[in-house]
Amino acid sequence: RPKATVAVLGAAGGIGQPVALLLKLNPLIGDLRLYDIVNTPGVGADLSHINTGAKVTAFMGDAQLCDALSGCDLVIIPAGVPRKPGMTRDDLFNINAKIVKTLIEAVATYCPNAWIGIISNPVNSTVPIAAEVLKQKGVYDPLKLFGVTTLDVVRAETFVAEILGVDPKDVTVPVIGGHAGTTILPLLSQAMPALSLDDDKAKALMDRIQNAGTEVVNAKAGAGSATLSMAYAASEFADACLRALNGDTGVVLCTYVASNVTDLPFFASPVRLGKGGVEEFLPIGEMNKLEQENFEEMKGQLAINIKKGVDFVTGG
Ligand code: APR
């Protein structure tokens, strides 16, 4: 298989730039396309001097979106406005919903077979928006559309490793549900290696993982939301997709996808990837009482978020 062609839409932004840098280092990528409405020539020129194989090309503005997307295998979308203190991910809806809709219309037209990873928040709603747009265009493949929730897993594994005093690379924690507040459900009872926490400590750790994005928003004091850790997570996500596209049959990832694992139409859970996208939904495993309670509570909120995305496109 030839090396992959990957586009980053929103490549000049706080997430876009570091994600482009990390993708420039990925040996599975032959062609790296940077698209934004501003500043991509500078970002592209800068990255193009790095002595790795991926060829970097910059595209700017609507007129160049077609060239940016044609022939892409994977499109990563961090375009949009970031969160400021006091805002929830849902507050971003009106601006980012329009941006995602426009960009997905272009993806549907110029690279309808590409895998798509959406970072633009609120992911709980922007992924359903993308699905509806792709459906309207007649090119929806639910197995290839993802919300990039990898950062929730990265955070959960980091915080658990801190508690256990081990290398985070040796820790796995499944994180299911959505990508905002209490819809993020880390299954701490399934952490490997095992954690033994009393209920209060488990609840506190769950809260920290659910609100880790807000921890960064507050620390940045008005300058935006998580960018570097999000870019790392997105690069891990992209690498997983590209390994699967290349024929690796053992790639497993927790990601937000159309699924029937629950009665919700979109849900993050562990999946195994194959050449055609999601190949298998892996079992969620048994939840303890605290997790089960959170799971039941979260469903209503996630359903509202999903409906908001669907309604944005269908006018419902
Ligand atoms: N097409 C392409 N790029 C766009 C568009 C568009 N229609 N509209 C905005 N952008 C670009 C901006 O020009 C900017 O370069 O998206 C980039 C966003 O970058 P930042 O403002 O720095 O925001 P960032 O912190 O990267 O967050 C982006 O990701 O995690 C989410 O909540 C976050 O939704 C937000 C998004």
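When the range 85-98 is examined, which residues are found to be over 14 Å from the mean Cα position of the chain (by Cα), in contact (Cβ under 8 Å) with a residue 60 or more places away in the chain and not in a loop (DSSP other than H, G, I, E, B)?
Correct list: ASP90, PHE93, ALA97.
Taking PRO82 and the conditions (1) over 30 Å from GLY274 (Cβ atoms); (2) part of a helix (DSSP H, G or I); (3) under 21 Å from the mean Cα position of the chain (by Cα), which numbered condition does it fall short on, given that it satisfies the others?
With (1) over 30 Å from GLY274 (Cβ atoms); (2) part of a helix (DSSP H, G or I); (3) under 21 Å from the mean Cα position of the chain (by Cα) applied to PRO82, the lone miss is (2).
Considering only residues that are crowded, with 18+ Cβ neighbours inside 10 Å and farther than 21 Å from ALA114 by Cα, look in the range 21-47 and name the one that is farthest from the ligand (Cβ to nearest atom).
Going through the qualifying residues, I end up with LEU47.
Quick check on the range 109-121. Is at least one of its residues without any contact (Cβ under 8 Å) to a residue 12 or more places away in the chain and part of a helix (DSSP H, G or I)?
Of all residues in the range 109-121, those without any contact (Cβ under 8 Å) to a residue 12 or more places away in the chain come to none.
No, every residue in the range 109-121 fails to be without any contact (Cβ under 8 Å) to a residue 12 or more places away in the chain and part of a helix (DSSP H, G or I).
Anything in the range 184-196 that is under 15 Å from ARG155 (Cα atoms) and in contact with a helix residue (DSSP H, G or I) (Cβ under 8 Å, 6 or more places away or on another chain)? List them, or say none. Can you show your working first?
The initial filter retains those residues of the range 184-196 that are under 15 Å from ARG155 (Cα atoms), namely 184-188, 191-192.
The answer is ILE184, LEU185, PRO186, LEU187, LEU188, ALA191.
Tally the residues that are part of a helix (DSSP H, G or I), touching a strand residue (DSSP E or B) at 6+ places or on another chain (Cβ under 7 Å) and either without any contact (Cβ under 8 Å) to a residue 24 or more places away in the chain or not β-branched (Val, Ile, Thr) (or both), restricting the search to the range 192-211.
First, the residues of the range 192-211 that are part of a helix (DSSP H, G or I): 199-210.
Of the ones still in play, those that are also touching a strand residue (DSSP E or B) at 6+ places or on another chain (Cβ under 7 Å) are 206, 209-210.
Filter again for either without any contact (Cβ under 8 Å) to a residue 24 or more places away in the chain or not β-branched (Val, Ile, Thr) (or both), leaving 206, 210.
Qualifying residue count for the region: 2.
Applying the selection to the range 135-191, what residues are of a type in the set (A, V, I, L, M, F, W, C), surrounded by fewer than 23 Cβ atoms within 10 Å (Cβ to Cβ) and in a helix (DSSP H, G or I)?
LEU143, VAL154, PHE159, ALA161, ILE163, LEU164, listed by residue number.
Could you check how many residues of the range 97-116 are closer than 22 Å to VAL217 by Cβ and crowded, with 24+ Cβ neighbours inside 10 Å?
The number of residues fulfilling the criteria is 1.
Can you tell me which residue within the range 54-79, out of those that are assigned to a helix (DSSP H, G or I) and more than 19 Å from GLY42 (Cα to Cα), is farthest from the chain's Cα centre (by Cα)? Break it down into steps so the answer makes sense when it comes.
Here is the first cut: in the range 54-79, the residues assigned to a helix (DSSP H, G or I) are 62-69.
If we keep only those that are more than 19 Å from GLY42 (Cα to Cα) too, we end up with 66, 69.
Details: CYS66: 23, LEU69: 19 Å.
Among them, the one singled out is CYS66.
What are the pairs with Cβ atoms under 6 angstrom where one residue, in the range 1-20, is near the ligand (Cβ under 6 Å from one of its atoms) and the other, located anywhere, is at pLDDT below 95? Sequence gap at least six, or different chains.
GLY14/GLY224
Residues to consider are ASP141, ASP167; find the one that is over 18 Å from the mean Cα position of the chain (by Cα), modelled with pLDDT of 95 or more, away from the ligand (no atom under 15 Å from the Cβ) and not aliphatic (A, V, I, L, M).
Criteria check complete, one pass: ASP167.
Among the numbered conditions (1) acidic (Asp, Glu); (2) part of a helix (DSSP H, G or I); (3) within 21 Å of LEU134 (Cβ to Cβ), tell me where GLU293 comes up short.
(3)
Spot the failing condition for GLY177; the list is (1) touching a Phe, Trp or Tyr at 6+ places or on another chain (Cβ under 9 Å); (2) within 16 Å of the ligand (Cβ to nearest atom), and only one is missed.
(2)
I'm told ASN260 meets every condition in (1) closer than 25 Å to CYS72 by Cα; (2) at pLDDT below 95; (3) of a type outside the set (D, E, K, R) except one. Can you identify the failing condition by its number?
With respect to (1) closer than 25 Å to CYS72 by Cα; (2) at pLDDT below 95; (3) of a type outside the set (D, E, K, R), ASN260 is out only on (1).
Being modelled with pLDDT of 95 or more, more than 12 Å from the ligand (Cβ to nearest atom) and not β-branched (Val, Ile, Thr) narrows it down to one residue among ALA221, ALA194; which is it? Before the answer, list the steps.
Working: ALA221 fails: modelled with pLDDT of 95 or more.
Within the list ALA221, ALA194, the selection yields ALA194.
I need the full set of residues from the range 50-83 which are surrounded by 22 or more Cβ atoms within 10 Å (Cβ to Cβ), within 12 Å of the ligand (Cβ to nearest atom) and among the β-branched types (Val, Ile, Thr), in order please.
Once the filter is applied, which keeps residues that are surrounded by 22 or more Cβ atoms within 10 Å (Cβ to Cβ), within 12 Å of the ligand (Cβ to nearest atom) and among the β-branched types (Val, Ile, Thr), the range 50-83 yields VAL75, ILE76, ILE77.
Examine the range 248-264 for a residue that is among the charged types (D, E, K, R), in a loop (DSSP other than H, G, I, E, B) and within 19 Å of ILE176 (Cα to Cα), and state whether such a residue exists.
Taking the range 248-264 and keeping what is among the charged types (D, E, K, R), we get 248, 263.
Add one more test, that the residue is in a loop (DSSP other than H, G, I, E, B), and what stays is 248, 263.
In the following step, the residues that additionally are within 19 Å of ILE176 (Cα to Cα) were identified as 263.
Checked the range 248-264: at least one residue is among the charged types (D, E, K, R), in a loop (DSSP other than H, G, I, E, B) and within 19 Å of ILE176 (Cα to Cα).
Determine which single condition GLY44 fails, assuming it passes every other condition in (1) assigned to a loop (DSSP other than H, G, I, E, B); (2) under 23 Å from VAL148 (Cβ atoms).
In the conditions (1) assigned to a loop (DSSP other than H, G, I, E, B); (2) under 23 Å from VAL148 (Cβ atoms), GLY44 misses (1) alone.
The values are calculated or read from the model by the stated rules, or taken from the named source; none is laboratory data. Remember, predicted model here, so these are calculated numbers, not experimental data. We place every Cβ from the backbone using ideal geometry, glycine too, and count neighbours over all the protein chains shown.
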